[in-house]
Amino acid sequence: MGIGGDYVWKRKPDVFLGVRKDWDFYDFYVSAYYMTQKPQLLFSVKAGRFLVGDKGVRIEVSRIVKGFEVGFWYTYSDTSDFTGPNKNYHDKGVFVRIPLRIFNLRDVKQIASFSLAPWSRDIGQLAGRPFDLYRKIYEKLPFYVKQNAAEKE
């Protein structure tokens, strides 16, 4: 379980490191994670307010194999008061996370993330994050250590 939130400004494209103070956004959500052992599936649910003010739920399901993660997300939020193509739209997409250790001679923790969505709309969006805390620490949680203690490389 966890909580998260962001407060962001839109940038000024013509000014280096400039931001528009009159155009700000925020999101706030509670999240829950659940991981199965065999196969290693990760379920994530985030419920709250997204960046453009729509309230809803984002569901993410992924499969992890030897550090590689492939999954999808679906966001259901209240967009009935929006206009144009954003009205009644639900965000969805697929993603892959690739551990960069496959390109290195030593073990590194960095991960490359790629995602595809059918449209780049504002509905159901959270501020971008390079990682989330659960994915960083789950290998150190007691259930994971106990399960993989006898594993050989």
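Report yes if MET35 is of a type outside the set (Lys, Arg), surrounded by fewer than 14 Cβ atoms within 10 Å (Cβ to Cβ) and in contact (Cβ under 8 Å) with a residue 24 or more places away in the chain, otherwise no.
No, not satisfied.
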Quiz item: Just checking, which of PHE43, PHE50 is in contact (Cβ under 8 Å) with a residue 12 or more places away in the chain, open to solvent by 70 Å² or more (accessible area, probe 1.4 Å) and in contact with a strand residue (DSSP E or B) (Cβ under 7 Å, 6 or more places away or on another chain)?
Solution: PHE43
Self-check item: Residue within region 38-50 that is farther than 21 Å from ASP78 by Cα, over 13 Å from the mean Cα position of the chain (by Cα) and among the hydrophobic types (A, V, I, L, M, F, W, C) present
Solution: yes
Exercise. Could you figure out which of (1) of a type in the set (Val, Ile, Thr); (2) open to solvent by less than 60 Å² (accessible area, probe 1.4 Å); (3) within 14 Å of the chain's Cα centre (by Cα) isn't true of ILE3?
Key: (2)
Quiz item: Do any residues in region 129-149 that are under 28 Å from ASP6 (Cβ atoms) have Cβ atoms under 8 Å from those of residues that are modelled with pLDDT of 75 or more and open to solvent by 80 Å² or more (accessible area, probe 1.4 Å), where the two are at least six apart or on different chains, and which pairs are they?
Solution: PHE131/ILE111
Quiz item: From the residues in region 57-68 that are charged (D, E, K, R) and in contact with a Phe, Trp or Tyr (Cβ under 8 Å, 6 or more places away or on another chain), which one is surrounded by the most Cβ atoms within 10 Å (Cβ to Cβ)?
Solution: ARG58
Quiz item: Would you pick out the residues in region 116-145 that are small (Gly, Ala, Ser) and under 10 Å from the mean Cα position of the chain (by Cα)?
Solution: ALA127, GLY128
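Okay, residues lined up against (1) modelled with pLDDT of 85 or more; (2) touching a Ser or Thr at 6+ places or on another chain (Cβ under 7 Å):
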site	(1), (2)
TRP9	no, no
TYR33	yes, yes
SER44	yes, yes
GLY48	yes, no
VAL65	yes, no
TRP73	yes, no
ASN88	no, yes
Quiz item: Taking region 111-127, which residues are open to solvent by 80 Å² or more (accessible area, probe 1.4 Å) and at pLDDT below 80?
Solution: TRP119, SER120, ASP122
Quiz item: Only one residue in ILE123, ILE111, ILE102 is in contact with a Pro (Cβ under 6 Å, 6 or more places away or on another chain) and not small (Gly, Ala, Ser), so which one is that?
Solution: ILE111
Quiz item: Filtering region 75-86 down to residues that are among the β-branched types (Val, Ile, Thr) and open to solvent by less than 70 Å² (accessible area, probe 1.4 Å), which residue is modelled with the highest pLDDT?
Solution: THR75
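The values are calculated or read from the model by the stated rules, or taken from the named source; none is laboratory data. Source: prediction; values computed, not measured. Quick reminder, even Gly has a Cβ in these numbers, built from the backbone with ideal geometry, and neighbours come from all protein chains shown. Note: areas computed on protein heavy atoms with side chains; ligands, DNA, RNA excluded. Shrake-Rupley method; radii C 1.70, N 1.55, O 1.52, S 1.80 Å.
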